[in-house]
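A quick write-up on the structure given underneath.
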4 protein chains.
Amino acid sequence: MKYKVAVLGATGMVGQKFIQLLENHPWFEISALMASERRVGKAYGDEVEWLISSDVPENVRDMEMLPMDPRNVDADIVFSALPADIAREVEPKFAQEGFAVASNASAFRMEEDVPLVIPEVNAEHLGLIDVQKRNRGWDGFIVTNPNCTTIMLVLTLKPLLDLGLAKVNVATMQALSGAGYPGVPSMSVIDNVLPFIRGEEDKVETEPLKLLGKFTGSGIDFASITVSASCHRVPVIDGHLEAVFAEFGGNIEVNDVIEAFRSFKPIEGLPTSPEEVIVVRDEPDRPQPRLDRDAGNGMSVVVGRVRKDGDSGIKYLVLGHNTVRGAAGASILNAELMVKEKLI
Amino acid sequence: MKYKVAVLGATGMVGQKFIQLLENHPWFEISALMASERRVGKAYGDEVEWLISSDVPENVRDMEMLPMDPRNVDADIVFSALPADIAREVEPKFAQEGFAVASNASAFRMEEDVPLVIPEVNAEHLGLIDVQKRNRGWDGFIVTNPNCTTIMLVLTLKPLLDLGLAKVNVATMQALSGAGYPGVPSMSVIDNVLPFIRGEEDKVETEPLKLLGKFTGSGIDFASITVSASCHRVPVIDGHLEAVFAEFGGNIEVNDVIEAFRSFKPIEGLPTSPEEVIVVRDEPDRPQPRLDRDAGNGMSVVVGRVRKDGDSGIKYLVLGHNTVRGAAGASILNAELMVKEKLI
Amino acid sequence: MKYKVAVLGATGMVGQKFIQLLENHPWFEISALMASERRVGKAYGDEVEWLISSDVPENVRDMEMLPMDPRNVDADIVFSALPADIAREVEPKFAQEGFAVASNASAFRMEEDVPLVIPEVNAEHLGLIDVQKRNRGWDGFIVTNPNCTTIMLVLTLKPLLDLGLAKVNVATMQALSGAGYPGVPSMSVIDNVLPFIRGEEDKVETEPLKLLGKFTGSGIDFASITVSASCHRVPVIDGHLEAVFAEFGGNIEVNDVIEAFRSFKPIEGLPTSPEEVIVVRDEPDRPQPRLDRDAGNGMSVVVGRVRKDGDSGIKYLVLGHNTVRGAAGASILNAELMVKEKLI
Amino acid sequence: MKYKVAVLGATGMVGQKFIQLLENHPWFEISALMASERRVGKAYGDEVEWLISSDVPENVRDMEMLPMDPRNVDADIVFSALPADIAREVEPKFAQEGFAVASNASAFRMEEDVPLVIPEVNAEHLGLIDVQKRNRGWDGFIVTNPNCTTIMLVLTLKPLLDLGLAKVNVATMQALSGAGYPGVPSMSVIDNVLPFIRGEEDKVETEPLKLLGKFTGSGIDFASITVSASCHRVPVIDGHLEAVFAEFGGNIEVNDVIEAFRSFKPIEGLPTSPEEVIVVRDEPDRPQPRLDRDAGNGMSVVVGRVRKDGDSGIKYLVLGHNTVRGAAGASILNAELMVKEKLI
């Protein structure tokens, strides 16, 4: 018996990735797809501009899309791939009616009583669910995952916290799929780089402080590190690459950092979890988006070029698949964690 | 009457740019092209894999290539677009025989008695020429320009020195032409980013300290700032984009930085000099390589997104044309400065 | 004294090219820019998403955009860069009020009394202007230029007509700028080719028959050749490349074809006319979009790889700049021809 | 018990694809990798510039490379990914010593007694093996597969033969992986198309005549159709797209062509064979390289836009994965056919 899952915003770039990752999921089975008014009643396969492989999966091709109304939906979990402004309206309706909403949207990430979770980083923040239900009088709840760029970064910052991490500068080279579809016009990005992604730097600078913070029983004590980001779009289909300059409180050695990365453990027993959370590569020219984005089926992050930066600094690169580990896969992993923790 | 100039290594990517920039130069006229043994005696137009426009300029198309031997060359100035290892052997022979060598090669940049010069930044370092001639007993001399990535960066750091600049982290997104030809295989960089450029980070971290240093009469007192670089190759034909995180000794305001950039003056009277050294753009999404690399005929650098980074930090992006301001144009501007200063 | 010219649809991709080509035009000077309702009253420089170089030209940056209404416009010539559906409504209003409309839109190209003109190919078709004015009772008139892909092709077919040209198969590799802005999403075309361009093949198969037809005094007798097209979009910014298979009525030799191409003459005295209409290159690997699109300032077409295809066939490639020779430059050349012919 | 297979030329682009496709092959198991002198004795994983996924497969990572000498090799089948000039020397040595050589090289494809085979097209040509062994006195033999571009084309021409196919013009848009590694320099192909591929058109024009010919018992009677090709390289990683203009002896209807494509059957029981040899898509904008190259695990070809071209012509597009169906997969499928036919 599988859990029934529904997807909000199923036709977009991240929505498509939800569909693909859920196609043969051992625990979850798609029971409903919800879309905007103009698509309601139409078959998913007829409406979607399917861009991630040859064909729309058979299990959803003829599925009729439903309105974004909890009364129509039969599901145990609702995944949300909605844009932030629509998520802000729609997700609470589902949470109120008792659904577990696993959201990739940014709308509620920074709300005090909403868990912002990466399972390997801060599973204990799920404790906020009770706070949230009490605060809001909801039968269900919302759990969010971070921004794609934040996720790759924070997966590598977590193991560095105990080594005295104090300050991070990060410059990103982000993939086009992160902008959705139609997203970035080709005229804007062939033989070019776009040095700006609206709202991105703010997310990358604030979300890590919550993620790396401590759950107090009633809220989150934010981590006291500083993150500064410069975000850029490059002509790459999938895979965000990030150049990290990490400052520590005192002396730091490359080997200790690599050891910390390699010792960082996945959560046992989650089907979408990779075997290695952080793959550390030794070659001088890795990670590369085209070669490394599918590591661990897109759920590992790949680190390379770990090197000294003065006495108390370390530089490295990290790469992850932005629509898998950075979006749909992140929400699904959160849902799996909630199942394991018997929250669903 | 124009000065006669010769070009060492004329068939490569930077060599081609020398040819193009010198085609209608008001002061200089190409008198000789020198190449490796296998090309000697052949017409330039037959040998070069011309990649920067429709046709090889007529003034050099039928010019026979000479060996890299000072005895064959009739020229006032020798421009060098050689690789470092060959430059190390060949350039001293020309300097010894009395030629003024304006070199883009890295071979001698960091030697104590060799000027490493960007005219707008440290023209006074040309004072090292006398030291060099005395030290080495040469009739001529070598003057070098920095690495392409260094140049864009340092043109923006110079005006920040008086504002208390202390530390710089820079992450680069560099163009393919910087790797020469055949250079980066297409299979390596379509839908991809290469997170490593051999030797680049070391140059970007050390050359600025010399460039921003003080000429003492007999040598250079290096600047005491710190530069840390992470260098990456993106699928862009021309134009290096750099994300800069600059730390200052104390509080710093965006307006002061922009004002410093805009007040930074070109050297008067040099034909290759741009009207504006630093173009500061206000749009949120500039500079972009494809749109901004030709600013000031490729000799301006373009800055954008100047923003606060904590109390004592500033972030910004800078872009410049890597084979013009970053290579051939840099050497030519140095030669123009030397003419103006009556060193030639 | 220059002619005053106005531009309809000035903010699009082709509109921008009109602005750029007219910036320093010796005969024409921009007196008005007309745009859709929502842009009226706003400064051109504030509204346009300028994509073809660093900055919007100064002569139009602050020009207020006018509605598309002939009563507001003071101009001798009206250039139209409108989409076909809007052109169909707007252009006749201007023609009726006495304006000479030089249109790049497809709306009226195939109308019996509307000249479809490439100056070097069928200047005498301008004789249709009188027919048109008589037919429609207009004070002014509309003259059109062909589709971009048609233009490159027909410039090479015209000199082949006398050699017995009978049938043409053409497969195109077209640039992204031809789809306008935002146009083709980057997700659709990075590491990809789009094998379909709506409406394109029909235009390429029909327009040449009119262009190569004979003006009878009252209409056009269409040429009796056959053209079949397969049109594709490739990840190239500018420059349409076309692979042509030409069948002749009998034996044909490569040298005769090359001789016919090289003998094809420009119209004397038109400022935008290139020195060579057809540049024939001998290298085995030309023409290439990036290297050859700017030949003759984008007004030449470049031919290469002319080779036998059986006894009575010839294969070759032709390339031209799609927004210059293929659009804005085409309309401007037509207007120059009309001035020379004293039709304006 | 699996057959032991060896790979000649295992480090190149096609060699890597052999390794990948053979990793979990149900019938074949890699027993040896042979390489050029300078690689002999080194581990495959240390030598290869692995470009097709994250990591070199474990089963060959530490395999020591052997010289290209039959005395060293223990294998039932030898796959050859050698360049033509080396293949010409090396492959006969293996055939003479009794090996079954399944070659992707062009060296022997057009020799009278060497089968050039696509299983679904001309399996009966394997009858030439006996002729070859007799002629040459070899214990083993060479079987070849066609050029990658030929394969996609001929798979679609075969079902059209009975409909009266007479003449084919084909214009190709070929992927970069077809040029090997380092292959095409990125400076040559970003924002560009290369209109020439050395030797390619000749192969595409001659190989189909042999493939579609009849085995007479002692040789092949070539098919009497005509093929003319124009071959071009586009910035796509994998997947050759071909625009086909097919002329028939008389009237031809789209439905008959589509029916012929859909009825074209795979060989039963070969593990690498796709379920559908020709996938016909109805969408107006397919096939596309990025979306369709992996159809049938890269072994299907995908056809789209089948449309009339006059009374007796049909136009369509065909796409296939050039290093799978067009190279390594083609050789492997040939080997599987030979096993099925008990020739090995």
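Matching residues to (1) within 14 Å of chain B (Cβ to nearest Cβ); (2) buried (at least 17 other Cβ atoms within 10 Å of the Cβ); (3) without any contact (Cβ under 8 Å) to a residue 60 or more places away in the chain:
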{"position": "C:Lys2", "(1), (2), (3)": "no, no, yes"}
{"position": "C:Val5", "(1), (2), (3)": "no, yes, no"}
{"position": "C:Met34", "(1), (2), (3)": "no, yes, yes"}
{"position": "C:Glu49", "(1), (2), (3)": "yes, no, no"}
{"position": "C:Ser80", "(1), (2), (3)": "no, yes, no"}
{"position": "C:Pro83", "(1), (2), (3)": "no, no, no"}
{"position": "C:Glu91", "(1), (2), (3)": "no, yes, no"}
{"position": "C:Ala102", "(1), (2), (3)": "no, yes, no"}
Next on the checklist: Please count how many residues of segment D:259-313 are within 14 Å of chain C (Cβ to nearest Cβ) and either surrounded by fewer than 15 Cβ atoms within 10 Å (Cβ to Cβ) or more than 23 Å from A:Leu51 (Cβ to Cβ) (or both).
Outcome noted: 11
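Condition test on A:Leu317, is it in the same structural domain as A:Asn169 (by TED's automatic domain parsing) and either of a type in the set (Ser, Thr, Tyr) or buried (at least 24 other Cβ atoms within 10 Å of the Cβ) (or both)?
Values: in the same structural domain as A:Asn169 (by TED's automatic domain parsing): yes; either of a type in the set (Ser, Thr, Tyr) or buried (at least 24 other Cβ atoms within 10 Å of the Cβ) (or both): yes.
So A:Leu317 fits the description; yes.
Could you say which residue among A:Asp294, A:Asp202 is closer than 28 Å to A:Phe108 by Cα and either out of contact with any Phe, Trp or Tyr (no Cβ under 6 Å at 6 or more places or on another chain) or among the aliphatic types (A, V, I, L, M) (or both)? Lay out the reasoning, then the answer.
Values: A:Asp294 fails: closer than 28 Å to A:Phe108 by Cα.
Result of the check over A:Asp294, A:Asp202: A:Asp202.
For segment B:137-148, does any single residue satisfy the condition of being within 19 Å of the chain's Cα centre (by Cα), assigned to a loop (DSSP other than H, G, I, E, B) and farther than 22 Å from B:Asp76 by Cβ? Give the steps one after another, and end with the answer.
The first filter runs over segment B:137-148 and keeps only residues within 19 Å of the chain's Cα centre (by Cα), leaving B:141-148.
Pick out the ones that are also assigned to a loop (DSSP other than H, G, I, E, B) and you get B:145-147.
Within this subset, residues satisfying the condition of being farther than 22 Å from B:Asp76 by Cβ are B:146-147.
Yes, segment B:137-148 contains a residue that is within 19 Å of the chain's Cα centre (by Cα), assigned to a loop (DSSP other than H, G, I, E, B) and farther than 22 Å from B:Asp76 by Cβ.
For the subset of segment C:170-205 comprising residues that are part of a loop (DSSP other than H, G, I, E, B), farther than 24 Å from C:Val227 by Cβ and of a type outside the set (D, E, K, R), which member is farthest from the other protein chains (Cβ to nearest Cβ)?
Keep residues of segment C:170-205 that are part of a loop (DSSP other than H, G, I, E, B), which gives C:175, C:180-184, C:189-193, C:195-199.
Remaining after also requiring farther than 24 Å from C:Val227 by Cβ: C:180-184, C:189-192.
Okay, now just the ones that are also of a type outside the set (D, E, K, R), so C:180-184, C:189-190, C:192.
Values: C:Gly180: 8, C:Tyr181: 6, C:Pro182: 4, C:Gly183: 6, C:Val184: 5, C:Val189: 5, C:Ile190: 6, C:Asn192: 4 Å.
Looking at residues that are part of a loop (DSSP other than H, G, I, E, B), farther than 24 Å from C:Val227 by Cβ and of a type outside the set (D, E, K, R), I get C:Gly180.
Suppose we keep only residues that are of a type outside the set (Lys, Arg) and not in a helix (DSSP H, G or I) within segment D:149-169. Which one would you say is modelled with the lowest pLDDT?
Residues of segment D:149-169 that are of a type outside the set (Lys, Arg), as a first pass: D:149-157, D:159-166, D:168-169.
Remaining after also requiring not in a helix (DSSP H, G or I): D:162-166, D:168-169.
Values: D:Asp162: 95, D:Leu163: 98, D:Gly164: 98, D:Leu165: 98, D:Ala166: 98, D:Val168: 98, D:Asn169: 98.
The qualifying residue modelled with the lowest pLDDT is D:Asp162.
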Checklist outcome for this item: (1) in contact with a helix residue (DSSP H, G or I) (Cβ under 6 Å, 6 or more places away or on another chain); (2) hydrophobic (A, V, I, L, M, F, W, C); (3) closer than 23 Å to B:Asp256 by Cα all hold for B:Ala105 apart from (3)
Checklist entry - Being out of contact with any Leu (no Cβ under 6 Å at 6 or more places or on another chain), on the phi > 0 side of the Ramachandran plot and not assigned by TED's automatic domain parsing to the domain that holds C:Val244, is that true of even one residue in segment C:119-140? => result yes
Next on the checklist: Tally up the residues in segment C:212-247 that are over 14 Å from C:Gly178 (Cα atoms) and touching a Pro at 6+ places or on another chain (Cβ under 6 Å), please.
Outcome noted: 1
Next on the checklist: Suppose we filter segment C:158-169 for residues that are among the small types (Gly, Ala, Ser) and within 14 Å of chain D (Cβ to nearest Cβ); how many remain?
Outcome noted: 1
Item to check | Within segment A:15-59, tally of residues that are touching a Leu at 6+ places or on another chain (Cβ under 9 Å) and within 18 Å of A:Asn104 (Cβ to Cβ) | outcome: 11
Checklist entry - Taking segment C:244-258 only, how many residues are surrounded by fewer than 17 Cβ atoms within 10 Å (Cβ to Cβ) and free of Cβ contacts under 8 Å to residues at least 60 places away in the same chain? => result 2
Checklist outcome for this item: Those residues of segment A:210-253 which are facing another protein chain (nearest Cβ under 10 Å) and not in a strand (DSSP E or B) amount to A:Val234, A:Pro235, A:Val236, A:Ile237, A:Asp238, A:Gly239
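Across segment B:216-225, what is the total count of residues that are touching a residue at least 60 places away in the same chain (Cβ under 8 Å) and either within 13 Å of B:Leu153 (Cα to Cα) or within 20 Å of the chain's Cα centre (by Cα) (or both)? Give the steps one after another, and end with the answer.
Step one: of segment B:216-225, the residues touching a residue at least 60 places away in the same chain (Cβ under 8 Å) are B:217-220, B:223, B:225.
From what is left, the residues that are either within 13 Å of B:Leu153 (Cα to Cα) or within 20 Å of the chain's Cα centre (by Cα) (or both) are B:220, B:223.
Counting residues in segment B:216-225 that are touching a residue at least 60 places away in the same chain (Cβ under 8 Å) and either within 13 Å of B:Leu153 (Cα to Cα) or within 20 Å of the chain's Cα centre (by Cα) (or both) gives 2.
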Checklist outcome for this item: Expected output for segment D:285-313 (first residue without any contact (Cβ under 8 Å) to a residue 24 or more places away in the chain and in the same structural domain as D:Glu120 (by TED's automatic domain parsing), partner in a strand (DSSP E or B) and among the charged types (D, E, K, R), Cβ below 6 Å, 6+ apart or cross-chain) is none
Checklist entry - Can you pull out the residues in segment D:231-265 that are closer than 29 Å to C:Asp285 by Cβ and within 19 Å of the chain's Cα centre (by Cα)? => result D:Cys231, D:His232, D:Arg233, D:Val236, D:Ile237, D:Asp238, D:Gly239, D:His240, D:Leu241, D:Glu242, D:Ala243, D:Val244
Checklist entry - Any residue at all in segment B:302-325 that is under 24 Å from B:Gly12 (Cβ atoms) and either part of a helix (DSSP H, G or I) or at pLDDT below 95 (or both)? => result yes
Item to check | Evaluation of D:Ala179 against (1) within 30 Å of D:Glu259 (Cα to Cα); (2) surrounded by fewer than 24 Cβ atoms within 10 Å (Cβ to Cβ); (3) under 19 Å from the mean Cα position of the chain (by Cα) (one fails), failing number | outcome: (1)
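Identify, from the list B:Leu176, B:Leu155, B:Leu163, the residue that is of a type in the set (A, V, I, L, M), in contact (Cβ under 8 Å) with a residue 60 or more places away in the chain and over 24 Å from B:Lys17 (Cβ atoms).
On the way: B:Leu176 fails: over 24 Å from B:Lys17 (Cβ atoms); B:Leu155 fails: over 24 Å from B:Lys17 (Cβ atoms).
Only one candidate qualifies: B:Leu163.
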Item to check | Complete set of residues in segment C:179-213 that are without any contact (Cβ under 8 Å) to a residue 60 or more places away in the chain and among the β-branched types (Val, Ile, Thr) | outcome: C:Val184, C:Val189, C:Ile190, C:Val193, C:Ile197, C:Val204
Next on the checklist: B:Leu128 - would you say it is over 30 Å from A:Gly304 (Cβ atoms), under 15 Å from the mean Cα position of the chain (by Cα) and assigned to a helix (DSSP H, G or I)?
Outcome noted: no
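The values are calculated or read from the model by the stated rules, or taken from the named source; none is laboratory data. Here the structure is a predicted model, which is why all the values come from computation and not from measurement. Using ideal geometry, Cβ is built from the backbone for each residue, glycine included, and neighbour counts are taken over all protein chains shown.
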